[in-house]
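Contents: one structure, followed by commentary.
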Amino acid sequence: MSHTPTRRNLLRAAGVAGAAGLAGCSGRLLDGGDPPAPSGGSGPPTRETPLYQPWDRETLRGETVSGGPGKDDIPSVDDPSFAPADEIDLADDEVVFGYAGESTTKAYTQRVLVWHEITNDVLDGTPVAVTYCPLTGTAMGFERGDTTFGVSGRLVNNNLVMYDRATDSRWPQVLATAVDGPRAGDQLREFRLVWTTWGRWREAHPDTRVLTEDTGYAKRYGSDPYGNYNPTSGYYGGGRPLFDSLDEGWKEALNEPKRVVIGARTADRAVAFDKPALRDRRLLETDGGGSGDGFLAAYDPALDTGWVYRRNGAGVTPTDDGEGWFEVDGETYSAGDLPLERVYAFDAMWHAWGGFYRETAYVA
Amino acid sequence: MSREHETAAGRSPAAVVATAVARTRRGLLAALADPVAAAVLVAATAAYALVYAVAVGDLGRAAGGTGTVGGDAGAVSVTVVSAPVTRGLSGEGVALVAVGPVEYLFVPATLAVAVAIGLLVGANLALSALAWRRPAACDISPASGVAAGLPALLSGTACCGPLVFIALGLQATSAALTAIAWLRPAAALLLVASLLWAGWRLDVQSSAADSPGKMLSGM
C-alpha cells in the first residue's frame, strides 16, 4: 500500500501574520435554563504553549459578521443533565461528540448541541465548555475556569464566536484565541472531543453517560434546522458555506467545501488530513520536508476517527487486519495509543479549515 | 353621497388615507357580519398561522427517539419550561407539545407575529370574499393580499439565523441579512396597504351591511 501523501500549500504569500395533567397525557416541567448570569473571575485559563494564529486580530474583528441571532439567542446549556447509556433511546447513527477521561466518559449529542452550540459542564473535576459549530462542523472542548461561555451570535469565517461571561471577550471557536475584549490575544486550553456515532461510542464505552434533552429549554430536538447527518443532507451535504470564507484559497486544493478533514495545528503550522481518504488508506502522513519529521494520522475504525501524531522519524505501518492496529518499531498498537506525541486534532469542514489556515498542508 | 365617496383626485394624502381607513373599517365590519366573509377571515388567519409555524420550524414531524427509555410515550405530551411567562416575554419557546407524530413548539412571540400577519391576510381575503358575494361590487382580487403575506414566511426563525439562505443554497451577506430582518415588517406594511386599497375600492355602508356594496372609485 502506498502511503505517499499529497501535500499542497494553499497560499504561499507571506500575508498577514500570523401542562400537562391531561388524561392520557404526559407532562413535565423543565428546570433551569434561566438567563445566564455574569460570572466572576478573570475568564478562562490560558494555554501554556502558543497556538498557530495566522490572522491579526484587527482583520478578524473586521471579518466578524452577525449570524442572525443576537447574543445568547442561541442559549448555552449551563445545567446539563446526563443519563446512562442503557436509559437513552438514541439511534445508533446519531452523531455524538465523545469524551473519555480518567474518571468521566460522556457523549454529547449533536441533535441537542445544534440548538445550543455550547454546554458548560465539568469533566474529571475540571470546568469545561463543550462547543459545536454547525456551520463549520467543528466540535471542540475548552477549559473555562470559573466562568462560562455563551454564544455571541456572531461568526467569523462561518465559525461560532464564543464569549466568556467574565470579561465578554470574543473567542472564535476554531482559533481558540480571543480576538476582541480584555483577553484579546489569549488562547484557550483545548481537549479532544471525538466526532463519532452513538452506536460506535456506546460500543467502545458502554459505561458512558449521555447528554439528555432536559436542558431547561423547549426545543424541537431532532429537528435540525441545517440539515441531517443520517444520511448527510442539507447544509451538511454539500453546497457553499453560508458566508464568505476568510480566504478562498482552499478551493485550489479541493473545491468541496463540506468535505471533512481532520485538522491539527501546532505553534507554527496547520495540517489537514482528508477524512474519507484516511478511512480508505488508514494512515496518512505529511512529508516532513524530508527530515523524517512531520505528522501522521492513524485511522480508528471503531470510532471512525483519526488520531494525529508527530512522526518524529518513527516507522509506522498499519497491520493487515484493517482493525485499526499499527506496527511501530516492531510492536503493535491501536490507532489511539501509538507511542508517539499525540497532537490535538478535530473534525472540520474543509472550507472552515482552509479559510482559517490558508497555508495549511492538505493530505489525502 | 358623502365626501368620502369622491375620488382621491385633488385631495390631500392624509385625507385620502383617512377616507381609506374609514371605508376599510366599514368594509371589515360588513365582512364580520357576512357569514362567508367572516369564515374566510377566520380560516385564512388560522391557515396562515399554521403555514407560518411550519415555515419557521415551530411545527413539524416529531423526530422520535429522543427521550430516556421508559419515558413518556403517550399520544400526547406537554413539556413546559420553568418561568414560562418571563421567558415567553423574552421571545423564548415555553412549551413543546407532541401529539402523536406531530410536535409544536409554543413560542408566544412567534405565534403573536403569525396571528397578526394572518389577520391581515384574512382581512384582505374577507374583503375579497365580500366583494364576490355582492354582485353590485366590482371584483377585488385576493392575490395581492395573499402575496403580501409571503415575505414573512421567508423571514426564518429567531433561533437559527438566516435559514432561508441554507434552504435555497444561497450565500448570506450583511446586506441580505438586513433585508431578511425587514421581511416581516415589510409584509405587514404591504398587507395594510393592500387592505386599505381594497377598502378604498369596496365601500360598504355600515348601515346597510346586508345590501350590495358599491364601487366608488377607480372603476
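A:G315: net charge of surrounding residues, Cβ under 13 Å, Lys/Arg +1, Asp/Glu -1, itself excluded?
Value of the local net charge: -3.
For labels at B:V36 and A:E341 in the simple 7 Å Cα→Cβ model, what's the distance in nm?
8.4 nm
Partner chain Cβ atoms within 10 Å, averaged over the residues of B:166-172 - can you pull that number for me?
Taking the mean over all residues of the peptide, I get 6.
List the lysines whose alpha-carbon lies under 20 Å from that of A:K219, not counting same-chain residues fewer than 8 positions away?
A:K71
Just to check I understand the Karplus step: with θ = phi - 60° and J = 6.51 cos²θ - 1.76 cosθ + 1.60, what whole-Hz values come out for the stretch A:319-329, glycine and proline as x?
6, 7, 7, x, 9, x, 10, 9, 9, 10, 6
Each residue of the stretch A:273-282 in order: what ³J(HN,Hα) in whole Hz does its phi give by Karplus 6.51 cos²θ - 1.76 cosθ + 1.60, θ = phi - 60°, with x for Gly and Pro?
9, 5, 5, x, 5, 5, 4, 6, 9, 6
If you take the beta carbon distance between A:R61 and B:A112 as r and set R0 to 41 Å, what does 1/(1 + (r/R0)^6) give as a FRET efficiency, to the nearest 0.05?
So, using R0 = 41 Å, E works out to roughly 0.70.
Taking the Cβ of A:T104 as the centre, find all other residues whose Cβ is under 13 Å away and add up their charges (Lys, Arg: +1; Asp, Glu: -1).
That sum, taken over residues with Cβ under 13 Å, equals -2.
For q = 0.11, 0.14, 0.21 Å⁻¹, what log10 I(q)/I(0) does the stretch A:246-363 give under the Debye formula with an equal point scatterer on each alpha carbon and no solvent?
With one equal scatterer per Cα and no solvent, log10 I(q)/I(0) is -0.34, -0.54, -1.13.
Against the 2.2 N^0.38 Å scaling, with N counting residues, where does the stretch A:223-292 land? I'd like the Cα-based Rg ratio to two decimal places.
1.36
What span do the alpha-carbon atoms of the stretch A:51-142 cover on each of the three principal axes, reported in whole Å from largest to smallest?
Rounded to whole Å, the extents work out to 48, 29, 25 Å.
Please state, as a whole number in µm²/s, the translational diffusion coefficient that the Stokes-Einstein equation yields for the stretch A:57-211 at 20 °C and 1.002 mPa s, with Rh defined as the Kirkwood radius across alpha carbon pairs.
Here the translational diffusion coefficient equals 136 µm²/s.
In Å and from the alpha-carbon atoms only, list the Rg and Dmax of the stretch A:109-196.
In Å, with Rg to one decimal and Dmax whole: 11.9, 36.
Any idea how far apart B:L89 and A:A91 come out in nm if each label point goes 7 Å out from Cα toward Cβ?
4.1 nm
A:R269 versus A:S334, label points 7 Å from Cα toward the beta carbon: distance in nm?
Distance between the two pseudo-spin positions: 3.0 nm.
Rg to Rh ratio, chain A, alpha-carbon atoms and Kirkwood radius?
Ratio of gyration radius to Kirkwood radius: 0.96.
Between beta-carbons, use under 11 Å as the cut-off and find the net charge around A:V260, counting Lys and Arg +1, Asp and Glu -1.
Here the charged neighbours net out to 0.
Throughout, read-outs are computed from the coordinates displayed, never taken from laboratory work. No experiment lies behind these values; they were computed from the predicted model shown. For neighbour counting, all protein chains shown are included, and Cβ atoms are generated from backbone atoms with ideal geometry for every residue, glycine included.
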